[in-house]
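K.L.:
Before I ask anything, let me first share the structure, which is written out below as structure tokens.
The values are calculated or read from the model by the stated rules, or taken from the named source; none is laboratory data. Please read all numbers here as calculations on a predicted model, not as lab measurements. Using ideal geometry, Cβ is built from the backbone for each residue, glycine included, and neighbour counts are taken over all protein chains shown.
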Amino acid sequence: MRWHELFRCFVMLSAIASTTPAMAHFQMLIPSDDIVSQTENRQIQLDAMFWHPFEGLGMPMKMPARIGVRVRGNDIDLRDDLKPVSRHDRAGDMFDAFRVDYTLKRPGDHIFFVEPQPYWESNEELFIVHYTKVIVNAFGLESGWDEELGMPAEIVPLTRPYGLYAGNLFQGIVKVNGKPAPYTEVEVEYFNQDGKSSAPADPFITQIVKADGNGVFSYVMPRAGWWGFAALNRSALTMQHEGKDYPVEIGAVMWVKTYVME
């Protein structure tokens, strides 16, 4: 093959690569139930995994740096209760994930949270840390769902994040280091658990909204199931990879479940 033919192949491959959309990364923390009444089993199970939720494709995940739950203002460390599990993604590949069982003992909102270890994304040449939370209501006492945890990046809900129907509006404030983060880009993605949902084009997979000048974003969830919101910002800090400093993407991630109205 002559040099000009090699060059032509290189240009074509580069064009293909440049038009291939990057899939959104989501740290996930999904409970077996988001509303637990007194007549139900008080034990729930939470799965933590690093995933492309709509496509069902996995990514490597290490033991989280922190995982816990806040109940009535008190934080409970759950890291010692974590169990490593393996999950097959939709492509048939095996990925590490983590599971924790938790027994609900007190009424009120339980804010479960996870801080993963930094993930090196070679394609984007940056580290990713997604501070993630999900809220479980226990025994009918609706108190605490809007409490801030004080994470470096956090979504503080303005809409009660449970008891929601498909078609409800979800609103939240994006905060970085405790302050509203105006005009933050928020990625929204549906957890396509059974793989039955399909997208007519790539932009439908990850929805994009931007927060306003006060850090407030809004999104109407069109379908029943789990929805992930990832508000992305850059940290002022850097991390080293192979002796070189790289930027750090800090994501404030929250998971919300909607139901079909019967």
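K.L.:
Search the range 228-240 for residues that are within 23 Å of Asp212 (Cβ to Cβ) and pair each with any residue that is among the small types (Gly, Ala, Ser) when their beta-carbon atoms are under 6 Å apart and the residues are at least 6 apart or on different chains.
P.N.:
If the second residue must be among the small types (Gly, Ala, Ser), the pairs left are Ala230/Gly251; Ala231/Ala252; Leu232/Gly251; Asn233/Ala181.
K.L.:
Of the numbered conditions (1) surrounded by fewer than 16 Cβ atoms within 10 Å (Cβ to Cβ); (2) over 18 Å from the mean Cα position of the chain (by Cα); (3) closer than 27 Å to Arg42 by Cβ, Leu149 satisfies every one except a single condition; which is it?
P.N.:
Exception for Leu149: condition (2).
K.L.:
What residue, of Pro60, Pro31, Pro21, is modelled with pLDDT of 95 or more, closer than 23 Å to Val188 by Cα and of a type outside the set (Gly, Ala, Ser)?
P.N.:
Unique residue meeting the criteria: Pro31.
K.L.:
So, one more: Quick one: what pairs do we get from the range 83-98, first residue within 19 Å of Leu46 (Cβ to Cβ), second surrounded by 11 or more Cβ atoms within 10 Å (Cβ to Cβ) and among the charged types (D, E, K, R), C-beta under 7 Å, 6+ apart or different chains?
P.N.:
Short answer, once both residue conditions are applied: Lys83/Arg99; Pro84/Asp96; Val85/Arg99; Ser86/Asp96; Phe95/Arg87; Phe95/Asp89; Ala97/Asp47; Ala97/Arg87.
K.L.:
Within the range 68-92, can you find the residues that are assigned to a loop (DSSP other than H, G, I, E, B) and at pLDDT 95 or above?
P.N.:
Leu78, Leu82
K.L.:
A follow-up question, please. Going by the conditions given, is Phe139 in contact (Cβ under 8 Å) with a residue 24 or more places away in the chain, among the hydrophobic types (A, V, I, L, M, F, W, C) and within 18 Å of Ala65 (Cβ to Cβ)?
P.N.:
Judged against the criteria, Phe139 is not a match.
K.L.:
Quick check on my filter: what residues within the range 32-61 are more than 22 Å from Lys257 (Cβ to Cβ) and exposed (fewer than 13 other Cβ atoms within 10 Å of the Cβ)?
P.N.:
Pro60
K.L.:
Answer with yes or no whether Gly251 is within 18 Å of the chain's Cα centre (by Cα), at pLDDT 95 or above and assigned to a loop (DSSP other than H, G, I, E, B).
P.N.:
Criteria not met by Gly251.
K.L.:
Condition test on Tyr246, is it more than 18 Å from the chain's Cα centre (by Cα), under 30 Å from His88 (Cβ atoms) and among the aromatic types (Phe, Trp, Tyr)?
P.N.:
No: the conditions fail for Tyr246.
K.L.:
May I pose another question? Tell me, please, whether a residue that is among the β-branched types (Val, Ile, Thr), touching a Ser or Thr at 6+ places or on another chain (Cβ under 8 Å) and either closer than 29 Å to Leu57 by Cβ or free of Cβ contacts under 8 Å to residues at least 60 places away in the same chain (or both) can be found in the range 216-226.
P.N.:
Checked the range 216-226: no residue is among the β-branched types (Val, Ile, Thr), touching a Ser or Thr at 6+ places or on another chain (Cβ under 8 Å) and either closer than 29 Å to Leu57 by Cβ or free of Cβ contacts under 8 Å to residues at least 60 places away in the same chain (or both).
K.L.:
If I ask for residues that are of a type in the set (D, E, K, R) and within 13 Å of the chain's Cα centre (by Cα), which ones from the range 99-133 would you list?
P.N.:
Glu115, Lys133
K.L.:
Another one. Tell me which residues, restricted to the range 168-183, are closer than 24 Å to Arg223 by Cβ and surrounded by 19 or more Cβ atoms within 10 Å (Cβ to Cβ).
P.N.:
Phe170, Gly172, Val174
K.L.:
Something else now. Pro60 is checked against (1) of a type outside the set (Asp, Glu); (2) in a loop (DSSP other than H, G, I, E, B); (3) over 21 Å from Gln193 (Cα atoms) and fails just one. What number does that condition carry?
P.N.:
Against the list (1) of a type outside the set (Asp, Glu); (2) in a loop (DSSP other than H, G, I, E, B); (3) over 21 Å from Gln193 (Cα atoms), Pro60 comes up short only on (3).
K.L.:
Considering only the range 115-122, I want to know if a residue exists there that is under 19 Å from Pro31 (Cα atoms), touching a residue at least 60 places away in the same chain (Cβ under 8 Å) and aromatic (Phe, Trp, Tyr).
P.N.:
no
K.L.:
Under the condition of being crowded, with 20+ Cβ neighbours inside 10 Å and hydrophobic (A, V, I, L, M, F, W, C), which residue from the range 133-146 is farthest from Gly108 (Cα to Cα)?
P.N.:
In this case the residue turns out to be Val134.
K.L.:
Starting from residues that are out of contact with any Gly (no Cβ under 6 Å at 6 or more places or on another chain), modelled with pLDDT of 95 or more and in a strand (DSSP E or B), keep the ones in the range 37-56 and report whichever is farthest from Asn192 (Cα to Cα).
P.N.:
Top of the filtered list is Ile44.
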